[in-house]
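The values are calculated or read from the model by the stated rules, or taken from the named source; none is laboratory data. Note that the structure is predicted; figures quoted are calculated from it, not measured. No Cβ is skipped: glycine too gets one built from the backbone with ideal geometry, and neighbour counts run over all protein chains shown.
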2 protein chains.
Amino acid sequence: MRTMTNEIEAVPKKSIKRLQIIEAAFKLFTENGFYATGVDLIMRQANVSKRTMYIYFPTKNDLIVAVLEFYRANYEQGLTDLLARNDLSNREKIIAIFEDAGNWFENRQFHGCLAVNAMGEFSGKDPKIENACRVFKTWELDVFRKLTKGLPVMYPNDLAFKLLVLLEGMGAIAQVMKQPCPIDIRQMVNDLMDGHCVA
Amino acid sequence: MRTMTNEIEAVPKKSIKRLQIIEAAFKLFTENGFYATGVDLIMRQANVSKRTMYIYFPTKNDLIVAVLEFYRANYEQGLTDLLARNDLSNREKIIAIFEDAGNWFENRQFHGCLAVNAMGEFSGKDPKIENACRVFKTWELDVFRKLTKGLPVMYPNDLAFKLLVLLEGMGAIAQVMKQPCPIDIRQMVNDLMDGHCVA
DNA sequence: CGAAAAGTAAACCGATTAGTTTACTTTCTG
DNA sequence: CAGAAAGTAAACTAATCGGTTTACTTTTCG
């Protein structure tokens, strides 16, 4: 029974352990995959007892859902500074998103989009995880939509979708090929936007 | 010791069992993922004893590598007819590849590119599997390269890479979103090619 | 203070995992 | 035919899996 306290901290240490678990799981899931990562390893890396783990996350799949939402919130966090800048046009912000992503993809530690990887392992098996993956991609699309809507273009939603396709494609290829992208991605993004500009 | 027989069948029943195993494994890996699919289930679905399985494939990962090559050969097989047609220009063949892929992606049974899924589960864990995934994507890129080279365009290799990015992006999004692609992909492919056409 | 809440460590559960081995049968072929 | 090759079915291993339980300790807070 949750006491409706009017204190500042309605969630005290509780969320510290919770966050430890999620962060450790996020790292392990990213590096080694979901099925391949056992809960014993997660709890060891998180410095948390198994019992505590199962209080916060009754099943491993519940933890996976939480990790996917953490992944999204993390991504959003990293974008807020960029999106808040008013010295950049929306077009420049879009370009910046792709350049950031490009740098991330070229990192040796890049293991692909966690939501895509999760879908590969749980598609048709766990609706909650499937939903979390869709939420992630929907949010990504929404970021582009908000940006393209402020652009002097026709069909901004279509343009946003094309940008998402481009981003996903780069990521998937980078994950498999593990070599620097041979094409000028900035040019490609600009071409896409130019193609939608009002004549 | 293989007898160099001049008979018609240099590979008798041997490869029949092998193919049964690969085909069953391919279906199961595609639908349920790699780690989540146990070897017992594979052998049951293939109507093959466990011992036979382990003669053809000493480890599960060996089987996965074989399945990935099967996946590639299958894809190639399905493309040969299209690529052999001489009533179609290379530009039309490229468009046709994307339309075929689009139809595949919209299928409810689509579970993403097997090579990308494999990379998500084995990246940094098994070099042989990683290599098989790269071979697949390299081959895909090569298909586009052969087609763009016969096109009146500048930098055909760059164009081929862009086409691959587009194809991967569509696949990844389709896998997660499971809804029809809202944009005109034919138009997008044409725009890409037009952007490379000699002026 | 003192009790509830939140934590730990470790034993334990049944099921499942990849992989091995044994004993027997079928099929091909010189 | 005879024997090698290729097959089956099933028992078995040792490890690991997700998840539960028990006994005990720490922390929080009215």
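What pairs can you find where one residue is in the range A:50-65 and under 16 Å from residue A:130 (Cα atoms) and part of a helix (DSSP H, G or I), the other is among the aromatic types (Phe, Trp, Tyr) and more than 8 Å from DNA strand C (Cβ to nearest atom), and their Cβ atoms are less than 8 Å apart, with a gap of 6+ or different chains?
Matching pairs, first to second residue: A:61/A:122; A:63/A:57; A:64/A:29; A:64/A:34; A:64/A:122.
When residues of the range A:152-175 are filtered for being within 8 Å of chain B (Cβ to nearest Cβ) and in contact (Cβ under 8 Å) with a residue 24 or more places away in the chain, how many remain? Before the answer, list the steps.
Within the range A:152-175, the subset within 8 Å of chain B (Cβ to nearest Cβ) is A:157-158, A:161-162, A:164-173, A:175.
Next cut, in contact (Cβ under 8 Å) with a residue 24 or more places away in the chain only: A:158, A:162, A:164, A:166-168, A:170-172, A:175.
Result for the range A:152-175: 10.
Just wondering, is there one or more residues in the range A:33-42 that are in contact (Cβ under 8 Å) with a residue 24 or more places away in the chain, touching a helix residue (DSSP H, G or I) at 6+ places or on another chain (Cβ under 7 Å) and over 20 Å from residue B:34 (Cα atoms)?
No: the range A:33-42 contains no residue that is in contact (Cβ under 8 Å) with a residue 24 or more places away in the chain, touching a helix residue (DSSP H, G or I) at 6+ places or on another chain (Cβ under 7 Å) and over 20 Å from residue B:34 (Cα atoms).
Confirm whether residue B:34 is within 14 Å of another protein chain (Cβ to nearest Cβ), part of a helix (DSSP H, G or I) and within 12 Å of DNA strand C (Cβ to nearest atom).
Values: within 14 Å of another protein chain (Cβ to nearest Cβ): yes; part of a helix (DSSP H, G or I): no; within 12 Å of DNA strand C (Cβ to nearest atom): yes.
For residue B:34, the condition - within 14 Å of another protein chain (Cβ to nearest Cβ), part of a helix (DSSP H, G or I) and within 12 Å of DNA strand C (Cβ to nearest atom) - is not met.
Considering only residues that are basic (Lys, Arg) and at the interface with another protein chain (Cβ under 8 Å from one of its Cβ atoms), look in the range A:122-151 and name the one that is surrounded by the fewest Cβ atoms within 10 Å (Cβ to Cβ).
Within the range A:122-151, the subset basic (Lys, Arg) is A:125, A:128, A:134, A:137, A:145-146, A:149.
Now drop any that are not at the interface with another protein chain (Cβ under 8 Å from one of its Cβ atoms), which leaves A:125, A:134, A:137.
Numbers: A:125: 13, A:134: 16, A:137: 21.
Only one residue tops the list, namely A:125.
Out of the range B:78-96, which residues are surrounded by 13 or more Cβ atoms within 10 Å (Cβ to Cβ) and under 13 Å from the mean Cα position of the chain (by Cα)?
Result: B:79, single match.
Looking at (1) surrounded by 12 or more Cβ atoms within 10 Å (Cβ to Cβ); (2) at pLDDT below 95; (3) away from DNA strand C (no atom under 13 Å from the Cβ), which one does residue A:8 not meet, given that it meets all the others?
Of everything listed in (1) surrounded by 12 or more Cβ atoms within 10 Å (Cβ to Cβ); (2) at pLDDT below 95; (3) away from DNA strand C (no atom under 13 Å from the Cβ), residue A:8 misses just condition (1).
Of the residues A:24, A:36, which is more than 8 Å from DNA strand D (Cβ to nearest atom) and modelled with pLDDT of 95 or more?
Details: A:36 fails: more than 8 Å from DNA strand D (Cβ to nearest atom).
Just one listed residue meets the conditions, A:24.
Residues checked against (1) away from chain B (no Cβ under 11 Å); (2) not aliphatic (A, V, I, L, M):
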{"site": "A:66", "(1), (2)": "yes, no"}
{"site": "A:78", "(1), (2)": "yes, yes"}
{"site": "A:85", "(1), (2)": "yes, yes"}
{"site": "A:90", "(1), (2)": "yes, yes"}
{"site": "A:113", "(1), (2)": "no, yes"}
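Scan A:41, A:82 and give me the residue that is closer than 12 Å to residue A:29 by Cβ and assigned to a helix (DSSP H, G or I).
Values: A:82 fails: closer than 12 Å to residue A:29 by Cβ.
Result: A:41 is the single residue among A:41, A:82 that is closer than 12 Å to residue A:29 by Cβ and assigned to a helix (DSSP H, G or I).
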